[in-house]
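Taking it in order: structure first as structure tokens, then the write-up.
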Amino acid sequence: MTKEEFESWVGSLEPEQQAKAKGFYHVVKRKEPRGELYLSPYSDEYKDLLGEVAGLLKECSKLVEDESLSKFLRTRAEAFLNNEYLTSEVDWLNISKESRLEVTVGPYEVYTDELFSSKSAFEFYVHARDFEFSKVLEKFSNSLQEVENNLPVPPEYKNNDLRATPIVVVNQLYAAGDVAVPMTAAYNLPNDEEAIKRGGSKLVIIKNVQEGKYHNILEPIARSTIAENQLQHLSFDAFFTHILLHEVAHSNGPHYTIGPNPVTVRSRLQEYHSAIEEAKADITGLFAAAHLLKIGLLTAPSIQQFYVTYLASAFRSIRFGIKEAHGLGQCIQLNYILLQGGIIYDPITARFSVNFDTVATAVSNLTKDILILQGNGDKKRVKEFVDMYGEVRKEVKEALSKLEHEGIPIDIRPLYEIEKYVCL
Ligand SMILES: [Zn+2]
């Protein structure tokens, strides 16, 4: 089926059918012998599989102790049978903070639909909540306004009424379906706009998957690229705390342009928005770490651990390529801080190090520059900024090819303990 064939067919349908044709939960098929298109709901199309899963989910709903989780499992089982997902999407958002398990199951992401990115693929996660890190996260969410008030920008660029997105920290027990390569380490759901309108959204961060990436990828990268006398500052807690601060920092700064007739920053910056927004979250998160340590709201990891781990992590992100928002965003940050002398390259050892005397100023300057670019919403200025800092420098390229040469993996594939005990 071509895009054109689909579009002209959709144009001939009633509005309700059109929504289903473009929606997440119906397969588009051909009727034989004449080949006209028609819709088949997932609940019919995958009836044998979904019927069995629905039965198992109902059984689980009687075994789990948390009532809100039990309710989600029941309504999701119903959705598998009747193809109506909205109720269970909202029930997923309402799973209690006290529930020890976080289960995500259903048709969610649309990455595998290469034609229109509209048909969802099934995925399944069983996670155990990490209450310790969830508490750390709560502290960050509560200090969001405190960080905002202290951002290095004029008052008109600050938001006086910030609300943090709900975030939960979990450890993965099992994952299956459309979840791997690159191995999912965090997800923000639901994708269904109607469900978001009714219940908001929730970000799930998977700590032990991040831990796997840290030990198997980030540590070897650091051993190859960072000055030897700074390797002692490498820290998983700094890595993971910065990830949490990054996610919280997406709420910081201007999301609408400053001045009369505000519009969304996204609508102004367009193709540059994602990379700038990711860079914003990274650098503001690092700025926040320094600020929270200074005022004593955070006592560990040390600021040296944050900076050195951040530097090693830059190479990990740029490795995914600068065509991708996180990679480009990280490349911009690295170049900016290098040019301001906050990070130093030693051509003799071919290693990078943090200059602890100047890095804080460089981080603060970059935070300011990015937030002002976003608030002004001037795409031409943003393009100049990206052109100036968004290129992989020669010494960084050399470091990346060294990593390639050493065979440091790009990603991880977990082995689940649970598979030893259950016949899957
Ligand atoms: Zn982000």
**Message:** Give me the 1.4 Å probe accessible area per residue for the chain, excluding ligands and nucleic acids, in Å².
**Reply:** 49 Å²
**Fill in**
Checked against the positive end of the charge dipole of region 211-418 (+1 on Cβ of Lys and Arg, -1 on Cβ of Asp and Glu, about the Cα centre), the farthest of Leu245, Ala300, Gly212 is Leu245
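Quote the FRET efficiency, to the nearest 0.05, computed for Arg34 versus Asp161 with a Förster distance R0 of 41 Å and r equal to the Cβ-Cβ distance. Display every interim value, and only then the final one.
Details: r = 58 Å, r/R0 = 1.42.
So, using R0 = 41 Å, E works out to roughly 0.10.
Do you know the relative contact order of region 211-418, to the nearest whole percent, from alpha carbon pairs under 8 angstrom that are 6+ apart? Before the final figure, lay out each step's value.
Values: 274 pairs, mean separation 60.8, N = 208.
Rounded, it is 29 percent for region 211-418.
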**Message:** Using a 7 Å offset from the Cα along the Cα-to-Cβ direction at both Thr264 and Leu297, what is the distance between the two label points in nm, to one decimal?
**Reply:** 2.7 nm
**Item:** Charge dipole of the chain about the Cα centre (unit charges at C-beta), most positive-ward option of Ser8, Asn365, Leu403
**Value:** Asn365
**Label zone at Ile344, where the point sits 7 Å out along the Cα-to-Cβ direction: region 233-255 residues whose backbone N lies under 19 Å** = 233-234
**Asked** Over the alpha carbons of the chain, what is the largest minus smallest coordinate on each principal axis, giving the biggest first in Å?
**Response** 70, 52, 47
**Fill in**
Mean separation of Cα contacts under 8 Å (at least 6 apart) over the residue count of the chain, i.e. the relative contact order in percent, is 13 percent
**Request:** Multiply the residue separation of Glu384 and Lys139 by 0.36 nm, subtract the distance between their alpha-carbon atoms, and state the gained length in nm to one decimal.
**Result:** 84.5 nm
**Asked** Highest GNM mean-square fluctuation, the chain, Cα pairs closer than 10 Å: which of Lys58, Lys31, Lys368?
**Response** Lys31
**Message:** For the ranges 65-74, 328-337, what's the packing order if you count other beta-carbon atoms within 10 Å of each residue, average per peptide, and put the highest first?
**Reply:** 328-337, 65-74
**Message:** For the chain, what does the helix formula give at 222 nm: sum of -39500 (n - 2.57) over DSSP H segments with n ≥ 4, over the residue count, nearest 500 deg cm²/dmol?
**Reply:** -15500 deg cm²/dmol
**Request:** Can you tell me how much longer the chain between Asn149 and Glu52 gets when fully stretched, taken as 0.36 nm per residue apart minus their C-alpha distance, in nm with one decimal?
**Result:** 29.7 nm
**Complete:** Counting only protein heavy atoms with a 1.4 Å probe and every protein chain in place, the carbon and sulfur fraction of the accessible surface of the chain in whole percent equals 53 percent
**Item:** Size of electric dipole in region 211-418: Cβ of Lys, Arg +1 and of Asp, Glu -1, about Cα centre, debye, nearest 20
**Value:** 480 debye
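Could you size up the charge dipole of the chain around its Cα centre, putting +1 on the beta carbon of Lys and Arg and -1 on that of Asp and Glu, and report it in debye to the nearest 20? It would help to have the intermediate numbers written out before the result.
Working: 46 positive and 60 negative charges, 132 e Å.
Charge dipole of the chain: 640 debye, to the nearest 20.
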**Complete:** Measuring from the longest principal axis of the C-alpha atoms of the chain, the long axis of helix 236-249 (C-alpha) lies at a number of degrees, nearest 10, equal to 70 degrees
**Message:** Under 10 Å, Cα contacts only: if you run a Gaussian network model on the chain, which one of Thr225, Thr358, Thr165 comes out with the highest mean-square fluctuation?
**Reply:** Thr358
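The values are calculated or read from the model by the stated rules, or taken from the named source; none is laboratory data. None of the values given here were measured: they were computed from a predicted structure. Using ideal geometry, Cβ is built from the backbone for each residue, glycine included, and neighbour counts are taken over all protein chains shown. Protein only, heavy atoms only, side chains kept; ligands, DNA and RNA dropped before computing areas. Shrake-Rupley method; radii C 1.70, N 1.55, O 1.52, S 1.80 Å.
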